[in-house]
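The values are calculated or read from the model by the stated rules, or taken from the named source; none is laboratory data. Every value quoted in this text rests on a predicted model; they were computed, and no experiment measured them. Using ideal geometry, Cβ is built from the backbone for each residue, glycine included, and neighbour counts are taken over all protein chains shown.
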């Protein structure tokens with residue numbers, strides 16, 4: 001394995017994969033100090049942001065086997081390929097293989113039987129051309145999609161969008177931090193990084209997003225995995241891109257070039273078998289594309305360039321989405337889109353229509369496309385849904401209200417926690433704690449970290465962070481009463497989980513005392529306090545006191561919550 005150049009495998013977490021794919025190059029003779037290898041790497045850095053080179057086959061296979069969340073594009077040199085490729089070809093994370101050699105005729109015969117081998121090459125430039133196509137297909141096939149009916153977790157993905165878009169950072173500082181982060185964690189060409197740092201404001205966000213740079217892939221990778229480091233570094237760009245789409249949407253729809261009131265767009269891509277089965281079970285329900293969504297007015301390009309090739313990938317099915325768009329729904333549900341002609345980086349051969357993030361559709365029909373070469377090519381008809389459904393609006397509004405006390409990055413952490421991602425929430429809060437100089441923020445981040453540690457069962461850490469929060473809240477002028485109540489309530493949760501019921505009851509009663517003064521009589525937080533006190537009495541065997549507390553909680557919940565709220569659902 002190489003040890004003397006920037007493409008070396010570095011120990012994690014120092015070295016991270018920033019896109020939906022990475023490039024591995026296995027060559028027993030690799031030495032970047034030699035001119036031919038140095039030139040090849042320079043070409044590759046203009047295509048992919050993460051390049052990892054190996055001279056040892058066993059180390060390469062170990063590294064490849066450990067990758068779970070990304071696709072791997074692999075260059076293998078000369079005779080080594082004939083021995084290693086048959087052993088690794090079935091790995092689902094391995095997307096494409098490129099044999100790089102001095103003599104094509106020697107390798108063309110054995111590679112014919114391995115579908116993942118895209119070709120045998122004697123020059124690096126043709127590999128780069130194919131890599132451009134394959135990296136794009138990886139990005140399209142790995143877009144984050146949520147399938148659900150009216151479900152709280154599905155609603156939370158919509159709140160994630162709102163949280164990301166309301167964050168305001170220092171743009172100059174953010175651009176510099178993004179470039180520094182990419183220098184540390186990627187092999188992106190230094191020329192590209194300098195260009196972003198010096199020329200970001202010279203071009204539009206859509207130009208950057210549609211250009212031949214790593215921004216598109218890195219952003220979609222971060223949103224797909226909810227990678228907190230990437231989202232923190234690219235938060236400014238998410239906001240800029242959305243605002244650019246929204247502004248141009250208004251401008252274009254008020255012009256002579258406005259889209260018809262109803263029209264169709266298309267999107268071809270691969271979809272994993274697991275995701276396809278989930279989609280079929282959700283027929284008639286809602287689905288959300290949780291990234292910025294590139295579509296096309298051109299059905300033929302979407303089918304032939306993207307959907308059909310994906311059908312021949314052993315690990316996926318080819319999908320042609322046909323999306324029926326009603327501009328009235330776009331306006332009513334704040335779902336902006338823009339025609340990127342004359343705005344994007346490239347000539348618009350695809351007739352691209354770009355939607356902002358987290359666009360919601362209803363799944364209409366799922367039908368097989370007849371093809372004599374494959375039975376894994378499907379057409380999925382979608383109808384733009386926006387957020388026009390009454391149940392959707394009511395539940396989303398209530399969940400939004402539950403997070404109204406937090407704003408910006410803190411709100412994002414709160415939603416991640418609710419989505420069952422405590423480790424990501426912890427990572428975010430610790431990063432925020434290091435960055436802030438505000439007492440109010442420090443108290444809130446300590447409070448949230450206490451909640452995270454409670455959730456994962458690290459109770460002593462939880463109490464430590466809650467007490468830090470309480471100490472800060474008490475010193476604030478005026479004291480933050482409701483946050484104090486939350487901290488006392490959460491300490492009660494910890495003591496109850498530890499079986500120390502008298503301490504739990506004391507903390508719960510302190511929280512209730514504050515809330516009764518500060519809140520209206522039918523506030524859900526009062527119901528939560530009564531429920532918590534009831535649960536402690538129940539565990540202490542004082543059943544009449546427990547029943548009384550539970551009844552007071554239920555009376556408040558019936559008045560305060562929408563009828564489809566999970567709290568009111570029967571067991």
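Looking at segment 203-223, which of its residues are free of Cβ contacts under 8 Å to residues at least 60 places away in the same chain and over 18 Å from residue 242 (Cα atoms)?
Hit for segment 203-223 is 213, nothing else.
Quick one: which of 287, 259, 279 is assigned to a loop (DSSP other than H, G, I, E, B), surrounded by 16 or more Cβ atoms within 10 Å (Cβ to Cβ) and either at pLDDT below 95 or under 25 Å from the mean Cα position of the chain (by Cα) (or both)?
259
Report whether or not residue 96 is assigned by TED's automatic domain parsing to the domain that holds residue 51, without any contact (Cβ under 8 Å) to a residue 40 or more places away in the chain and either in a strand (DSSP E or B) or crowded, with 19+ Cβ neighbours inside 10 Å (or both).
yes
When you go through (1) surrounded by fewer than 16 Cβ atoms within 10 Å (Cβ to Cβ); (2) at pLDDT below 80; (3) closer than 20 Å to residue 68 by Cβ one by one for residue 144, which number turns out not to apply?
Checking residue 144 against (1) surrounded by fewer than 16 Cβ atoms within 10 Å (Cβ to Cβ); (2) at pLDDT below 80; (3) closer than 20 Å to residue 68 by Cβ, the one that fails is (1).
From 546, 469, 553, 528, grab the single residue that is within 21 Å of residue 400 (Cα to Cα) and in a helix (DSSP H, G or I).
528
From 329, 353, 369, 343, grab the single residue that is over 24 Å from residue 239 (Cβ atoms) and touching a residue at least 12 places away in the same chain (Cβ under 8 Å).
That would be 369, the only listed residue that is over 24 Å from residue 239 (Cβ atoms) and touching a residue at least 12 places away in the same chain (Cβ under 8 Å).
Are there any pairs with C-beta distances below 7 angstrom linking a residue in segment 289-309 that is touching a residue at least 12 places away in the same chain (Cβ under 8 Å) and outside the structural domain of residue 355 (by TED's automatic domain parsing) to a residue that is buried (at least 18 other Cβ atoms within 10 Å of the Cβ) and not in a loop (DSSP other than H, G, I, E, B), with the two at least 6 apart or on different chains, and if so which?
none
Run residue 521 past the list (1) in a loop (DSSP other than H, G, I, E, B); (2) within 12 Å of residue 486 (Cβ to Cβ) and report the number of the one that doesn't hold.
Residue 521 satisfies every listed condition except (2).
Can you work out which of the residues in segment 499-525 that are under 35 Å from the mean Cα position of the chain (by Cα) and within 23 Å of residue 455 (Cβ to Cβ) is surrounded by the most Cβ atoms within 10 Å (Cβ to Cβ)?
In this case the residue turns out to be 525.
Here are 539, 471, 490: which of them is touching a residue at least 40 places away in the same chain (Cβ under 8 Å), under 36 Å from the mean Cα position of the chain (by Cα) and either surrounded by fewer than 16 Cβ atoms within 10 Å (Cβ to Cβ) or assigned by TED's automatic domain parsing to the domain that holds residue 440 (or both)?
Exactly one of 539, 471, 490 is touching a residue at least 40 places away in the same chain (Cβ under 8 Å), under 36 Å from the mean Cα position of the chain (by Cα) and either surrounded by fewer than 16 Cβ atoms within 10 Å (Cβ to Cβ) or assigned by TED's automatic domain parsing to the domain that holds residue 440 (or both), namely 490.
Go through (1) in contact with a strand residue (DSSP E or B) (Cβ under 8 Å, 6 or more places away or on another chain); (2) in a helix (DSSP H, G or I); (3) at pLDDT below 90 for residue 217 and report which single condition fails.
Checking residue 217 against (1) in contact with a strand residue (DSSP E or B) (Cβ under 8 Å, 6 or more places away or on another chain); (2) in a helix (DSSP H, G or I); (3) at pLDDT below 90, the one that fails is (3).
State yes or no: is residue 534 within 28 Å of residue 439 (Cβ to Cβ), surrounded by 22 or more Cβ atoms within 10 Å (Cβ to Cβ) and touching a helix residue (DSSP H, G or I) at 6+ places or on another chain (Cβ under 9 Å)?
So residue 534 fails the test.
What residue, among those in segment 228-256 that are over 19 Å from the mean Cα position of the chain (by Cα) and buried (at least 20 other Cβ atoms within 10 Å of the Cβ), is farthest from residue 301 (Cα to Cα)?
By that ranking, first place goes to 244.
Testing residue 506 on (1) over 20 Å from residue 490 (Cα atoms); (2) out of contact with any helix residue (DSSP H, G or I) (no Cβ under 6 Å at 6 or more places or on another chain), one condition comes back false. Which one is that?
With respect to (1) over 20 Å from residue 490 (Cα atoms); (2) out of contact with any helix residue (DSSP H, G or I) (no Cβ under 6 Å at 6 or more places or on another chain), residue 506 is out only on (1).
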